[in-house]
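**Q** Quick one: the structure is below, questions incoming.
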Amino acid sequence: MEHPQSDSMPQDLSEAMKEATKEVHTQAENTEFMRNFQKGQVNREGFKLVMASLYHIYVALEEEIERNKGNPVYSPLYFPEELHRRAVLEQDMAFWYGPHWQEEIPYTPATQRYVQRLHEVGRAEPELLVAHTYTRYLGDLSGGQVLKKIAQKALDLPSSGEGLAFFTFPNIVSATKFKQLYRSRMNSLEMTPEVKQRVVEEAKTAFLLNIQLFEELQQLLAEDTKEQSPSKAERLRRRVPGKITNVTPMETPRGKPQPNVLSQAPLLRWVLTLSFLVATVAAVGLYAM
């Protein structure tokens, strides 16, 4: 199938992704949550929910990275020592949820949809992993330290960094130089115009999955506040992966735009994962496009 956008797409994949996600990125920059967070208006329950979702997402992402680490469509971007987040997120889960965190952390339906998409991509179209790893890892590197400082102050966390290990990359000396290396590796991947277009569309999907996720979490927090009860979070605990109900189907983007997952989400003004929310803080952005 012919894709009209391919002819005008920037030659470099990283630039193409930046250009294609401008609109959804702008939506992220103008959300109520983002404005509140910059004012330090974030509470522990909301932060815990976000971190739990990130744990599930990175477990799935890194399982698929390991599955495809030898595949030439992804292998040049394999940096486990520098980037992988599962181990540090396990530390954070223990801090926020205690020694039995594996039984305690919530696993929301929108998180499950995100996880499902990552597994679909890793197993069937591993070239699309590039979109997810780029938007997540380079985003984490771009604004993680700013976010860490805001959370430490707003939540009165230890200055030594407990509960925020996710935002620290001890094996990366210079975030700027590493991002340059990563983009260079991305741009050297051999892709047909059709594959490149699908990767770019998947980058949009990554944003939209995060938007849907945090619309859901915001609704849970609002309902819990109204009811003055943690019942919603309790019901979300120990959801079993693979037994996902009411999941909005997502068509594999073979040259077709992804369905707009926002159309079925309840609150159109809540957006972005916490790992992305410094997209607006200090004009840096967790999406380092």
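The values are calculated or read from the model by the stated rules, or taken from the named source; none is laboratory data. Quick caveat, the model's predicted, so the values are computed rather than measured. When we count neighbours, we look across all protein chains shown, and the Cβ atoms used for this are built from the backbone with ideal geometry, even at glycine.
**Q** Only residues in the range 56-73 that are touching a residue at least 24 places away in the same chain (Cβ under 8 Å) and crowded, with 21+ Cβ neighbours inside 10 Å count as the first member; pair them with residues that are among the β-branched types (Val, Ile, Thr) and outside any helix (DSSP H, G or I), Cβ under 9 angstrom, at least 6 apart or cross-chain, and list the lot.
**A** HIS56/ILE105; HIS56/THR108; ILE57/THR273
**Q** Checking GLN152 against (1) in a helix (DSSP H, G or I); (2) closer than 14 Å to PHE47 by Cβ; (3) touching a helix residue (DSSP H, G or I) at 6+ places or on another chain (Cβ under 8 Å): exactly one of these is not met. Which one?
**A** (3)
**Q** Could you list, in sequence order, all residues of the range 186-198 that are crowded, with 16+ Cβ neighbours inside 10 Å and either of a type in the set (D, E, K, R) or touching a Gly at 6+ places or on another chain (Cβ under 9 Å) (or both)?
**A** LYS196, GLN197, ARG198 - these are the residues of the range 186-198 that are crowded, with 16+ Cβ neighbours inside 10 Å and either of a type in the set (D, E, K, R) or touching a Gly at 6+ places or on another chain (Cβ under 9 Å) (or both).
**Q** Only residues that are farther than 18 Å from LYS179 by Cβ and buried (at least 24 other Cβ atoms within 10 Å of the Cβ): list them for the range 122-148, please.
**A** LEU128
**Q** Which one of these is in a helix (DSSP H, G or I), within 16 Å of the chain's Cα centre (by Cα) and among the charged types (D, E, K, R): LYS204, LYS196, LYS177? Spell out how you get there, then give the answer.
**A** Numbers: LYS196 fails: within 16 Å of the chain's Cα centre (by Cα); LYS177 fails: within 16 Å of the chain's Cα centre (by Cα).
The match here is LYS204.
**Q** Report whether or not ARG183 is at pLDDT 95 or above, basic (Lys, Arg) and closer than 22 Å to GLU19 by Cβ. Before the answer, list the steps.
**A** Values: at pLDDT 95 or above: yes; basic (Lys, Arg): yes; closer than 22 Å to GLU19 by Cβ: yes.
The answer is yes for ARG183.
**Q** Can you tell me which residue in the range 84-119 is surrounded by the most Cβ atoms within 10 Å (Cβ to Cβ), limited to those that are small (Gly, Ala, Ser) and in a helix (DSSP H, G or I)? Give the derivation first.
**A** Our first condition is that a residue be small (Gly, Ala, Ser); within the range 84-119, this holds for 87, 94, 98, 110.
Filter once more, so that each one left must be in a helix (DSSP H, G or I): 87, 94, 110.
Numbers: ALA87: 10, ALA94: 16, ALA110: 23.
Result: ALA110.
**Q** If you don't mind, there's one more thing I want to ask. Of everything in the range 61-83, what is in a helix (DSSP H, G or I) and in contact with a Phe, Trp or Tyr (Cβ under 8 Å, 6 or more places away or on another chain)? Give them in sequence order. Don't jump to the end; show me each part of the working.
**A** Start the filter on the range 61-83 by keeping residues that are in a helix (DSSP H, G or I), which leaves 61-67, 75-77, 80-83.
The answer is ILE65, LEU77, GLU82, LEU83.
**Q** Could you say whether any residue in the range 115-137 is in contact with a strand residue (DSSP E or B) (Cβ under 8 Å, 6 or more places away or on another chain) and more than 18 Å from TYR58 (Cβ to Cβ)?
**A** Our first condition is that a residue be in contact with a strand residue (DSSP E or B) (Cβ under 8 Å, 6 or more places away or on another chain); within the range 115-137, this holds for none.
Scanning the range 115-137 turns up no residue that is in contact with a strand residue (DSSP E or B) (Cβ under 8 Å, 6 or more places away or on another chain) and more than 18 Å from TYR58 (Cβ to Cβ).
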